[in-house]
Amino acid sequence: MDYVSIRTLHIACAMLSIAGFAARGGLMLADSPLLHARLTRIAPHVVDTVLLASAVALAWMSGQYPFAQPWLTAKLLALVAYVVLGSFALKRARTRRARAIYFTLALATVLYIVSVAVTRSPLGAFAAV
């Protein structure tokens, strides 16, 4: 596959991953049994695996790597924060209120990640300020 195809795949998977997380967060807040359905539990892992593989391929093809490029470092560190926050939002937090707070923080973090990707600046959307 060429760079543009992999980039398109990466963007599509990012959109699916974010939409899926938002949907699962909504199901969690509504205390829906659909949150425990097989598809709801498996699909995110498939999408996120393709997302990660395409990210690695893009980094390799472009020669831009985290810890060498500040914007990629910011994206990677924010991704770790997003995963931790998302884990607390969907599973680990004990109360619904705490889950809602973690969910909101995870969504804010993923918006930051997208803004860093678009601007290619570690400041993300704040680069314009």
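Nothing in this text is a laboratory measurement; each read-out follows from the coordinates by a stated rule. Source: prediction; values computed, not measured. Reconstructed Cβ throughout: ideal geometry from the backbone, glycine too, with neighbour counts over all protein chains shown.
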>> With mean projected area of the Cα convex hull in nm² as the read-out, I listed (1) 7.8; (2) 9.0; (3) 8.4; which label goes with the value calculated from this structure?
In response: (3)
> ³J(HN,Hα) across region 60-72 via Karplus (A = 6.51, B = -1.76, C = 1.60, θ = phi - 60°), whole Hz, x for Gly/Pro?
Replying inline: 5, 5, 8, x, 10, 10, x, 6, 10, 10, x, 5, 6
> Using 7 Å Cα-to-Cβ label points, what is the residue 31/residue 125 separation (nm, one decimal)?
Replying inline: 3.2
> Which length gain, in nm to one decimal place, applies between residue 65 and residue 12 when the Cα-Cα distance is subtracted from 0.36 nm times their residue separation?
Replying inline: 17.0 nm
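What size of dipole, in debye to the nearest 20, comes out for the chain about its Cα centre when the only charges are +1 on Lys and Arg C-beta atoms and -1 on Asp and Glu C-beta atoms? Working shown, then result.
Details: 12 positive and 3 negative charges, 111 e Å.
In total the dipole reaches around 540 debye.
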> Separation of region 1-76 and region 77-129 by C-alpha centroid, Å?
Replying inline: 13
>> Once you place label points 7 Å from the Cα toward the Cβ at residue 91 and residue 5, how far apart are they in nm?
In response: 3.4
> How far is helix 96-119 tilted off the main Cα axis of the chain, in degrees rounded to 10, range 0 to 90?
Replying inline: 20
> By how many nm would the segment from residue 52 to residue 23 grow when fully extended, if each residue of separation counts as 0.36 nm and the alpha-carbon distance is taken off?
Replying inline: 8.4 nm
